[in-house]
Every structure is written in C-alpha cells, then in structure tokens.
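The values are calculated or read from the model by the stated rules, or taken from the named source; none is laboratory data. Note that the structure is predicted; figures quoted are calculated from it, not measured. In this analysis, Cβ positions are derived from the backbone assuming ideal geometry, glycine residues included, and neighbour counts consider all displayed protein chains.
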Amino acid sequence: MIKNLRIENFKGWKDTGVIRLSPLTVFFGANSSGKSSIGQFLMLLKQSVESSDRKTVFFTGNEDTAVDLGLPSDLVFNQDLNNEIRFAYDWTLEKEIRLEDVLHGTRFISKHISFSGTVKIVGKESQELEVQDFNYVFDTPEDQKIEIGMKKKQSAGGGKKRYELEYKNYDFVRSRGRVWDITAPVRFYGFPDEAVAYYQNANFLQNINLYHEKLFSGIYYLGPLRRQAKRLYNWTGSIPDGVGYLGQDAIQAILAATSEKRMINLKYRSPRKPFEGVIAEMLKKMSLIEDFKIEKISEKRQDYDVKVRTRGSKNWVDIPDVGMGVSQVLPVIVQLFYAPPGSVIIMEQPELHLHPNAQAGLADVIIDAIHARENYEARGIQLIIETHSEHFLRRLQRRMAEEILKYDEFSAYFANNDRFPARLEELQVDIFGNIDNWPKNFFGDIDGDIFAQTDAAIQRRIEKEVHG
C-alpha cells in the first residue's frame with residue numbers, strides 16, 4: 001500500500017505537497033483543475049516500469065497505454081524545460097526485504113520503503129529525459145534508516161552519462177580493479193548491473209529493483225469512459241490481468257474468477273460467496289437490477305451472453321437493453337473485487353451515467369470492497385478515486401458517522417485552481433464525517449441557485465399583483 005505521494009513540476013502542478021493516501025483516497029475539483037494528473041503520474045511510472053526499453057526514463061505512452069502524455073515538454077510544469085520533475089512516495093511491503101552485507105556479516109530487515117527521484121529534460125531540440133538522482137530509504141526495526149541511491153556526476157565534456165552510488169548507514173566496498181563510473185540507471189528507479197559488479201557487497205540492489213517493479217505491477221487503472229455492453233462475449237479460458245483500461249475485459253474477468261472458484265467474504269467471518277454472486281449482489285445493492293447472470297449460448301461455441309433482470313420484472317433481458325448505467329458501472333464493480341489482494345486501483349469518475357441514488361450506493365459498494373476478504377484473508381486493496389459526485393461523498397460522510405467507514409480508512413483532497421498555480425487542499429474530515437474546511441462552491445452554488453430562484457419567484461408574484 002502506498003502511504004504518501006508528492007509530485008513537483010508535473011503538468012499543472014508546481015507542487016502537490018505531501019498527499020496522504022489511505023485505503024480509500026478521493027480527489028475532487030473542477031474540470032481542468034489537475035486532479036486527473038495525479039493518477040496519470042502513477043500510470044506514467046507504471047507504464048515506464050513495464051516498458052521493454054530499460055533505457056527509457058519515462059514512457060509517455062501511445063494509443064495502447066492507459067495514458068498518452070505526449071512530448072516530454074508536455075510533462076513539465078508550465079512547459080518550462082528548466083523545471084525538474086521531482087517526486088517521492090513510500091510504501092509498505094507484504095513481505096520484508098533483507099539487505100545483507102556479506103562482507104561485514106550484517107543483515108538489515110525492512111517492511112517500509114521510501115523513494116524519491118529527480119528527472120530533467122536535457123536538450124531543447126531532442127527533449128531527452130535524464131535521471132538526475134534517485135534515493136531509497138529503508139526503515140529497520142532498530143530505527144536505523146539506510147539510504148541507498150544514485151546521482152549523476154557533473155562532467156565538463158559530453159560522452160556517456162556517469163553516475164555514482166550514494167549511501168548512508170551502509171558501507172559499500174569497491175571490487176578490486178573496478179574503478180570505473182556507473183552508467184545510467186535502469187529507467188527512473190533502477191540500479192544497473194555495474195552497481196552490483198563494481199561493489200563486493202551490493203548483490204541485493206537488483207532485489208530493490210524487483211520490489212519497485214512489484215509495486216507498480218499491482219497498480220490497476222480504469223478510465224472514465226468504459227466500453228459499451230455487447231450482445232455476446234467470447235471467452236476461451238484465459239485469465240485476464242484486470243478488466244482493462246476501458247473495462248473491455250470485465251465479463252471475461254467474471255468468467256475467469258468463476259472458473260478459478262474464487263470466493264469473497266464481504267465482512268469478517270461472513271459466509272463466502274461465489275464471485276459472480278457478489279457482483280450481482282453489488283448491482284442489486286445499488287438498486288440497478290434485481291438479478292444478473294452469464295450464460296454460455298452453446299456447448300459448441302465459446303460465446304456468452306449477459307442477462308439481467310430489472311426491478312419489478314420477471315423477464316431476463318440482454319445487458320445492452322438496460323441503459324448505460326449498468327454497463328458503465330459493471331467494470332468498476334468487477335475490478336474492485338477481481339484485482340489481486342494488495343492491489344492499488346485508480347479510477348476516474350466511476351459514478352459516470354449513474355442516477356444520484358446509485359452514485360450513493362456505489363460508495364457503499366466501494367466500502368464493501370476495501371473491507372472484503374478472499375477465503376477469509378483480508379484483500380487489503382487501496383483505492384484512488386477521482387469523482388465529481390456530491391452524492392458519493394455524502395454517503396461516505398454518513399458511513400463515517402455510523403462507524404462503517406473508519407476515520408483512518410479515508411482521506412479526501414480538493415484540487416483548487418482559483419489561482420495559479422493550483423493547490424491541492426486536504427479536506428479536514430472528522431470522525432463524524434464533517435468537513436471543517438468545505439471549499440467555496442465545492443459542488444457548485446446550490447444555495448445561491450435556490451436563493452435566486454426563490455427571490456425571482458417572489459419578484460414575479462409582486463409584479464403580477466401590482467400590474468394585475
């Protein structure tokens with residue numbers, strides 16, 4: 001789980017400040033306020049980690065990736081090429097990392113990693129992205145912080161980029177005869193092979209790379225516009241990684257989970273339920289449908305149709321026939337329960353095309369998801385959500401007052417762009433769900449509209465009485 005995040009000089013953000021990420025973190029704000037950029041930055045890092053080119057610092061994307069951020073100049077704040085993109089985050093590990101010093105016979109154990117990095121554009125024409133430095137901090141049970149990183153060496157001439165290893169509270173020892181400089185990092189975060197070869201007690205550096213890659217392999221993204229429902233879905237038995245950026249694999253994910261006999265407990269010590277049954281229960285909880293099922297149309301074909309039964313009806317109909325709301329929210333619900341335990345799920349506007357009552361119901365589904373267990377083991381997923389829905393927030397506030405959603409399980413931020421540069425303000429939510437620093441016109445000027453409507457109605461009645 002990611003605990004904190006800070007981004008500087010990225011797109012519309014001069015500095016987000018430290019963002020405290022909870023099991024459920026929600027971002028609000030006007031259009032073009034920059035709230036989407038926070039999730040985009042994490043996806044930029046993910047697709048960079050997963051890039052086949054180890055020399056690519058940031059892979060900005062293409063038509064096949066979750067985000068396509070354009071040229072390097074489009075990444076930096078105010079498109080000023082002199083700005084350095086600085087970022088930092090820390091996360092907890094499910095399994096501890098061991099830093100073993102074979103020379104000195106010492107071993108350090110940590111379950112918490114902090115990372116910070118700096119990336120700069122060099123060359124106005126080439127716009128090459130270059131790592132200036134990165135640093136890892138490991139907290140040990142002995143309260144000793146071990147720091148290990150790399151920093152670019154300053155050189156008068158051109159040629160290959162040269163870096164040096166930086167460290168604190170750990171004594172690296174150079175291998176004999178290996179006096180050369182270290183070459184560029186792997187992507188934005190990784191120690192190159194030379195870092196291991198040039199030091200006698202640096203074997204664990206590659207493991208650090210792997211832990212970083214594991215963090216981002218567990219991040220999933222679902223965009224604001226999902227694919228429209230189809231009449232038929234083909235599934236040949238494959239196990240999708242998730243529902244896809246557009247939700248296109250949601251039905252295949254349900255079928256895969258069913259084939260694997262995945263069982264979900266919605267509450268501690270509650271009975272286990274089949275995956276498809278949980279999805280149907282969540283849709284019913286939102287008052288969208290009465291029942292839901294997936295059927296194979298023929299034993300000779302690998303095609304399936306999705307049937308739903310609406311409230312008050314005895315008839316089953318195809319999912320495209322029940323409106324956009326169900327088809328748009330179905331991938332949301334599936335991703336919440338399908339993602340592997342420990343996943344970080346980023347969603348933009350999951351409430352899109354939903355009636356206000358269903359938007360509030362979606363908040364309850366999300367609370368169920370962060371509390372859910374799989375085969376009685378806590379799933380421990382983390383959600384980062386961008387939304388425009390007041391009804392969604394109001395339901396979360398209510399559940400906090402009712403102690404269904406705990407104080408330390410929720411954090412919320414408001415992207416305020418009333419002046420330049422934009423500011424990210426944490427909402428001060430108390431244990432009863434009250435927001436102490438409610439931003440002006442947070443969800444529009446509803447009170448102002450009601451007052452203006454009432455005043456206009458009074459004025460018209462007065463004029464009608466005066467003039468007959």
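The table below lists the values:
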quantity: Unique residue being touching a residue at least 12 places away in the same chain (Cβ under 8 Å) and either more than 11 Å from residue 24 (Cα to Cα) or among the hydrophobic types (A, V, I, L, M, F, W, C) (or both) when the list is 382, 349; calculated: 349
quantity: Residue within region 27-47 that is among the basic types (Lys, Arg), surrounded by fewer than 22 Cβ atoms within 10 Å (Cβ to Cβ) and closer than 21 Å to residue 128 by Cα present; calculated: no
quantity: Per-region count, region 401-417, residues touching a strand residue (DSSP E or B) at 6+ places or on another chain (Cβ under 8 Å), of a type in the set (A, V, I, L, M, F, W, C) and either at positive phi or outside any strand (DSSP E or B) (or both); calculated: 1
quantity: Cross-chain or 6+ apart pairs with Cβ under 9 Å, region 260-274 first and without any contact (Cβ under 8 Å) to a residue 24 or more places away in the chain, then of a type in the set (Asp, Glu) and crowded, with 17+ Cβ neighbours inside 10 Å; calculated: 273/281
quantity: Any pair with Cβ under 7 angstrom, 6 or more apart, that starts in region 169-182 at a residue that is touching a residue at least 40 places away in the same chain (Cβ under 8 Å) and ends at one that is among the aromatic types (Phe, Trp, Tyr) and surrounded by 13 or more Cβ atoms within 10 Å (Cβ to Cβ); calculated: 173/199
quantity: Contacts under 9 angstrom Cβ, first residue in region 123-134 being among the β-branched types (Val, Ile, Thr), partner surrounded by 16 or more Cβ atoms within 10 Å (Cβ to Cβ) and assigned to a loop (DSSP other than H, G, I, E, B), 6 or more apart; calculated: 131/57; 131/161; 131/184; 131/185; 131/187; 131/188; 131/189
quantity: Count of residues meeting criterion [surrounded by fewer than 18 Cβ atoms within 10 Å (Cβ to Cβ) and of a type in the set (Gly, Ala, Ser)] in region 166-210; calculated: 3
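Conditions tested, residue by residue: (1) at negative phi; (2) among the charged types (D, E, K, R); (3) over 25 Å from the mean Cα position of the chain (by Cα); (4) not assigned by TED's automatic domain parsing to the domain that holds residue 342.
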| residue | (1), (2), (3), (4) |
| --- | --- |
| 227 | yes, yes, no, no |
| 234 | yes, no, yes, no |
| 240 | yes, no, no, no |
| 262 | yes, yes, no, no |
| 267 | yes, yes, no, no |
| 275 | yes, no, no, no |
| 278 | yes, no, no, no |
| 284 | yes, yes, yes, no |
| 295 | yes, yes, yes, no |
